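Structure, as structure tokens:
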Amino acid sequence: MGNGRIEGLRQAQDLEADLVDPIACGGLYKLELKSPGLYFCHKTGIKFQVEAPVTIEYKLDSWSDHLKDLSYTSYEILSPLFNIQTHGESNAVSAVYLPHYLCLKGFSGDISLIQCAHFKDGNLTLETPTQIEPFYVLLKNPTFSCLGLLTALGKKKTPKHGIVLLYFKILCRGDPIEEYKIHLYTVPYTVNVEESLDQENKKFGFQRVKKYEHTNESIYTKSKYLITGHPGVLAHPKTLKFDIEPYQFTEIRLKEKTADIFLYVAEEKTQDTVWDTRLTQSDLMDVAQLLSSLTIHRGACDLYPDFVDKHRDALIQRVSDMGQILDHLLKHKLLTQEQYDNIRSIRPRQEAMRQLYGYMTIWRHCDKEKFYQALKMYNEPLVRDLEDKDTIKM
């Protein structure tokens, strides 16, 4: 199915249910349903058929946590994983509709291999769904635990509905903007993905750029997708491996600041374009103005958690290649020649880093961002390790 029609078809299917806004506390959602009906949670996309008053609590769990003791490579994940509990009559919920991102029209495998996974007390059991619909799996008379959709891996790759999300951050302000970067994600299409990534990126000062999101074609787990663009688009890494957990992104830097920007996502082997967009200067300025207004109301320190300050101790102990970093800082005039020579003369390396942090006390936020970029260029494994730990803690 061409994904240009997905949003309309999905919305038409969801209009059959009553839209409900759950009570949210952290990652836990709660529905207090007083009367029979079909209810749709717009935060997560899950639907419940209810026959009597009931309270339903649910959250999204990590597949990797539950599959770590099993043969993870034996299955392909087709949906989010919901941890569900109910409080009320035992048969108050007569059906649950679990959202999935499998593209049924492009699926050429054996549909009987699509199973609903139940995780309880560390054990996995598989149940054949009552019905498989374009965007949902229906389970009638369900028993609740951790529920999600799996299929046994075959020789053919499984097609998914995908979206591409863009997030924008100002590194150094000016008129026009002096420096900024964009994070590009290629992820499966489910309601909860967008909200989850929006919240995660806001913690690090990013705001979503609203462009058309759906891929033109189905995308495939484990396949690699090439990120390109013009003019002056620099993507790192240049390829993204489409996977369910965790969500990966590529970082985009731009040499040109005045021209419109064209971005493309293509399957690496075939070079077939699955998504493209045009970012105008107006698009970026609109997001920049929104970020500026958020900074005024919330404070720059709240909006821009600083990697360099947060990981001071770890960077002092673990940075391995200071020479190229110092060259970078000197080139961008963040160090004077005297400071540069002084740091290079200090031994051991940890004391040299402490001296660098001493000079850093008068730097602006955008100066520290340039230091962060130097760290990424010349000590990338260390930066990724620290950022991965930040993500786990979130």
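At-a-glance table
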read-out: Selection count where residues are without any contact (Cβ under 8 Å) to a residue 12 or more places away in the chain and not in a helix (DSSP H, G or I), scope segment 333-358; value: 5
read-out: Output for segment 117-130, where each listed residue is part of a strand (DSSP E or B), open to solvent by 10 Å² or more (accessible area, probe 1.4 Å) and either in contact with a strand residue (DSSP E or B) (Cβ under 8 Å, 6 or more places away or on another chain) or closer than 24 Å to residue 39 by Cβ (or both); value: 118, 119, 120, 124, 125, 126, 127
read-out: Qualifying residue in segment 193-213 (condition: touching a Gly at 6+ places or on another chain (Cβ under 8 Å) and either in contact (Cβ under 8 Å) with a residue 12 or more places away in the chain or under 14 Å from residue 244 (Cα atoms) (or both)); value: no
read-out: So residue 26, is it touching a residue at least 12 places away in the same chain (Cβ under 8 Å) and not hydroxyl-bearing (Ser, Thr, Tyr); value: no
read-out: Pairs where the first residue, in segment 131-157, is outside any strand (DSSP E or B) and the second is open to solvent by 30 Å² or more (accessible area, probe 1.4 Å) and at pLDDT 90 or above, C-beta under 7 Å, 6+ apart; value: 144/85; 144/86
read-out: Residue that is modelled with pLDDT under 90, exposed (fewer than 13 other Cβ atoms within 10 Å of the Cβ) and of a type outside the set (S, T, N, Q), where the choices are 5, 10; value: 5
read-out: Counted residues, segment 232-279 - those being assigned to a loop (DSSP other than H, G, I, E, B), open to solvent by less than 20 Å² (accessible area, probe 1.4 Å) and of a type in the set (Val, Ile, Thr); value: 1
read-out: Boolean, residue 239 is among the hydroxyl-bearing types (Ser, Thr, Tyr) and in contact (Cβ under 8 Å) with a residue 40 or more places away in the chain; value: no
read-out: Segment 312-332: number of residues that are of a type outside the set (Asp, Glu), modelled with pLDDT under 90 and not in a helix (DSSP H, G or I); value: 2
read-out: Qualifying positions in segment 20-72 - outside any loop (DSSP other than H, G, I, E, B), of a type in the set (Ser, Thr, Tyr) and more than 22 Å from the chain's Cα centre (by Cα); value: 39, 55
read-out: One residue from 369, 387 being modelled with pLDDT under 90 and touching a strand residue (DSSP E or B) at 6+ places or on another chain (Cβ under 8 Å); value: 369
read-out: Residue satisfying all of: in segment 50-67; open to solvent by 10 Å² or more (accessible area, probe 1.4 Å) and touching a residue at least 60 places away in the same chain (Cβ under 8 Å); nearest to residue 199 (Cα to Cα) among these; value: 60
read-out: Considering residues of segment 190-206 that are outside any helix (DSSP H, G or I) and not basic (Lys, Arg) only, the residue farthest from residue 249 (Cα to Cα); value: 190
read-out: All positions within segment 195-214 that are open to solvent by 40 Å² or more (accessible area, probe 1.4 Å) and either of a type in the set (D, E, K, R) or more than 26 Å from residue 134 (Cβ to Cβ) (or both); value: 195, 199, 200, 202, 203, 204, 210, 211
read-out: Search result, residues across segment 215-231 that are in contact with a helix residue (DSSP H, G or I) (Cβ under 8 Å, 6 or more places away or on another chain) and either open to solvent by less than 10 Å² (accessible area, probe 1.4 Å) or more than 23 Å from residue 99 (Cβ to Cβ) (or both); value: 215
read-out: Subset of segment 32-47 that is touching a residue at least 60 places away in the same chain (Cβ under 8 Å) and open to solvent by 20 Å² or more (accessible area, probe 1.4 Å) - its residue that is nearest to residue 133 (Cα to Cα); value: 42
read-out: Unmet criterion (only one of (1) closer than 24 Å to residue 160 by Cβ; (2) in a strand (DSSP E or B)) for residue 112; value: (2)
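The values are calculated or read from the model by the stated rules, or taken from the named source; none is laboratory data. Just so it is clear, the structure is predicted and the values come from calculations on it, not from any experiment. Neighbour counts run over all protein chains shown; Cβ positions are idealised from the backbone, glycine included. Areas reflect the complete protein model, heavy atoms only, side chains present, ligands, DNA and RNA absent. Shrake-Rupley method; radii C 1.70, N 1.55, O 1.52, S 1.80 Å.
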